[in-house]
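Let me begin by presenting the structure, written as structure tokens, before commenting on it.
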Amino acid sequence: MTDEHPTASELERYVIGAHESADALRLETHVARCATCATALAREARIELKLQEVARVPALPIEDPRRGRRVAVLGGIAVLACSAALVLFGSWRAAPQEQPDEARPFIATHSPHRNVEDARTEPEPERAPRSPSGIACIEPAYVKQCMRDAHRRGLAVIEPTIQVPRYEYAAADQLN
Amino acid sequence: MTSNSDAAALALAGDQDAWNALITKHNHRVVVSLLARGVSIERAKEIAHEAWLKLILQQRLGRLPHLALPGVAITQAGYLALDDQRSARAACEVPFDDALALAIPEGAPNAEERLLRKEQVQQAHAALARMSPSTRRVFKLIYQDPDLSHAEAARRSGLSVQRVRQIICEVRSKLRVVLEEQARD
């Protein structure tokens, strides 16, 4: 009888303490002489210890893999909404400044504040010819969307003058 | 019938019957903890016996202020198993199957092992969350309180002992996939 290998269920019952004394003695006698069953019993015992560890640790919040995708989608929508709001705000700011269409100021022009004394004493610096109303589409990810909006609203798309350093350029230079 | 805390208090006072009752109740868990460390079953029973004797000796010497069982006995047995393994190495003896002997951890787990364990525990919690409330209740009763017998867990959960054991086996089979990866390592 002791030469028969115990079943997985019998090993499990032994480990959880659900065995009868006679069965336990028989199983122990066999396992003491059978390396295969000793290995299987050790595996069951390790699972038992792991279960105790699982029960000791309080339940942790489980990360939902779909949550990351949801955040990305919502983030994209938020960026698009902000871009659209900027375009609308820009066109609203630009519209009431000048009467003729061709004389509307460029919304992205740099206008440093100067006090009244300076304005009286210093000669008026030369001003660049006024651009027609337009918008600078500088966000690479939304250039097309921005240009579509600008054309739909009759705004000129101005080339951005500020060079934004980008990682790809730096990496390419290093490679060259 | 004395409660667990009463039995521990009596044992701490030197009551031999209380010690015998506690050993009968908790010895199997001590042996299983040694089996999980890769100790052979015969040696595991010997080491468990030795661990109990050491605890009784400590109590008699007045060096055992608390008796949290089976934890203190499992810890004591773990130290003895380590000593056993070291002396076997020193004598160039291999106690039994090499792979199992190597399973005895000599120190604290490293960062990678801790991370793996944490992930496993998280996965096990996720699997438990998908089980029925009664299954989760039985699991908590049995594994959160190592002092609780199957009969007591059955009484508290309003189930039969047979049903409680059946639930334990079901939980084990469901969590085996998650937990066995670590066990194989």
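The values are calculated or read from the model by the stated rules, or taken from the named source; none is laboratory data. Only a predicted model underlies this, so the values are computations on that prediction, with no experimental measurement involved. Heads up, the Cβs are rebuilt from the backbone with ideal geometry, glycines too, and the neighbour counts pull from every protein chain shown.
A few remarks follow.
- Among the numbered conditions (1) within 26 Å of B:SER40 (Cα to Cα); (2) at pLDDT 90 or above; (3) assigned to a loop (DSSP other than H, G, I, E, B), the only one that B:MET131 does not meet is (1).
- Search result, residues across the range B:113-144 that are facing another protein chain (nearest Cβ under 9 Å) and free of Cβ contacts under 8 Å to residues at least 24 places away in the same chain: B:LYS118, B:VAL121, B:GLN122, B:HIS125, B:ALA126, B:ALA129, B:LYS140, B:TYR143, B:GLN144
- Test: residue in the range A:66-87 that is outside any helix (DSSP H, G or I), among the small types (Gly, Ala, Ser) and at pLDDT below 70: no
- Filter pass, A:ARG46 being of a type in the set (Lys, Arg), more than 30 Å from B:ILE74 (Cβ to Cβ), at pLDDT 65 or above and assigned to a helix (DSSP H, G or I): no
- Checking each residue in the range A:33-51 for being within 7 Å of chain B (Cβ to nearest Cβ) and either surrounded by 18 or more Cβ atoms within 10 Å (Cβ to Cβ) or under 10 Å from A:VAL15 (Cα atoms) (or both) picks out A:ALA38, A:LEU41, A:ALA42, A:ARG43, A:ALA45, A:ARG46, A:ILE47, A:GLU48, A:LEU49, A:LYS50, A:LEU51.
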